1. Net charge within 11 Å of Glu453 by Cβ-Cβ distance, Lys/Arg positive one each and Asp/Glu negative one each, not counting Glu453 itself?
2. Before anything else, pin down the relative contact order of the stretch 323-482: Cα pairs under 8 Å, at least 6 apart, normalised by residue count, whole percent.
3. With the crude spin-label approximation of a point 7 Å out along Cα→Cβ, what separation in nm comes out for Lys296 versus Val110?
4. What does the extension gain come out to for Phe139 and Gln349, with contour length at 0.36 nm per residue minus their alpha carbon separation?
5. What FRET efficiency comes out for the pair Arg334/Ala48, r = Cβ-Cβ distance, R0 = 25 Å, nearest 0.05?
6. Just the number, please: Stokes-Einstein D of the chain in µm²/s, Kirkwood Rh from C-alpha pairs, 20 °C, 1.002 mPa s.
7. Just need the relative contact order of the stretch 2-127 here, percent rounded to a whole number, with Cα pairs under 8 Å and 6+ apart.
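Read the figures in this text as sums done on the coordinates, not as results from a lab. What you see is a predicted model; the values in this text were computed from it and never measured. In this analysis, Cβ positions are derived from the backbone assuming ideal geometry, glycine residues included, and neighbour counts consider all displayed protein chains.
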Amino acid sequence: MYRVLLVDDEYMILMGLSKIIPWQNYGFEVVATAENAKDALSILEEKAIDLVITDVTMPEMSGLEFIEAAQNQRYEFEFMILSGYQEFEYLKSGLQLGAVNYLMKPVNKVELIESLEKVKERLEEREEQKNQQETYREFLLTQWVNEELDEREEEEIQTLMEQSVAPWRVISGQFPRVYRKQVSRWLETNRQEFYYFRNLGELVFFVLIYQGKENVDEFTHFAEELFEDSDWVMSLSQPVVETEDIPEMYRKVRQSYQLHQFYGVNTTHILVAQEEVNAESLIDLSEFNRLVTLNKPATLKEAVRKIFSDVLSLGISPEDVRHIAFLLFMDIYRQFGQLDDEDYLATIQKINQAITVNELEKLLVKVIDEQKEPKMYSSNVQNVLAIIEKDYQKELTLKRVSDELHLNVMYLGQLFKKETKRSFSQFLNQFRMEKAQNLLLHSEKNINEIADEIGYNNSTYFSKMFKKMYGVSPKEYRGISD
């Protein structure tokens, strides 16, 4: 049922409109009435309204002024104008604001029903467009926070975020699935539109880019009251004012959330991702981070042995040692990503259950060795890899590849990620970056020439992606790899 708000300063007219037709027969429900514009605006704050039917002449604020004020506050609804007499200026102003119709009092039933049918068509069309936009926006947000955007999608997300308001805080976690609709309604009512949900059995995993406020107390208080003592947790990032910092904030929030799961703590529901982790202050992991990005397994394994040797000499607590092992594993996993969900969870469990430093060291060395093993792919995925190898220097998208192979783009994308453990754009970016590494080390070409040679139209985007993947700029990489 579409929800209707009736606004008129005459009580009898409100009652008459409520009963003039069987609203539900036409797909509508009168959910609220107001005798002035001020009360009507308050109702819009509290309830989602699809159709407003308002009188023009009311004290303090006219019907048209009320509609304009509501539109300025970004409320979305269809509306009709009521008047006791025909007046061209009212009609003209109403049409300029987007009125469906201008109804004369007393309202003609036939004309009202015809207008409702027109409203219904508009609302259904709007709903379909909204669903399509939300699906695509969700896809973009998912790709963005997981750093899987291609060059064109990067431009789209920047355009999308221009409609948003800084500062931003990234929030991620889980809550019981039965509350999904209530959470969605709260987010929509509070104009928090940058989020996505994933159903995980009886739970929902969510990611929210909370905009316009450093303080998120409104949302956390809502969650505490709604979820109470059920199985829920959320991790909050620090506020940021640059959109390019959001994926990094998501990484920290995700790590905080995963650590919470790793240690099995059930008493804390709200986590705040910190800039620094205590275990990292005990052991310097920066060299390991750099070696992971350089993809040198032998030196990487030696770095693991060095870290655990330092751990032994410092006498760090078993809990902190497991924490360090978890951070090292996450670095390896983010870089190579060749574990499926089952193996990933099994490795986490082994880290959690390890009782000696030697056990953890052997486990991580084994994980590194497994990344070098050749992978067996289906014929469709092998065909995609062949196209990447052949055409990586050209403008390459999953849609273009799927058309060339005569396969459904969604099916191919899911199959590719299932087998390679990376999205198509993520795999293509990494493939291109490996080519860039070689050119940076073994050629005299400048950054613009290298970007062009490996398939990027924009050298700034190339440098940004390179630094995002390896932690240093292309120019810095030339220096540290000597």
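1. Charge balance in the 11 Å sphere: +1.
2. The normalised contact order for the stretch 323-482 reaches 19 percent.
3. 8.6
4. 72.6 nm
5. 0.05
6. Reported coefficient: 81 µm²/s.
7. Once divided by the residue count of the stretch 2-127, the mean separation gives 23 percent.
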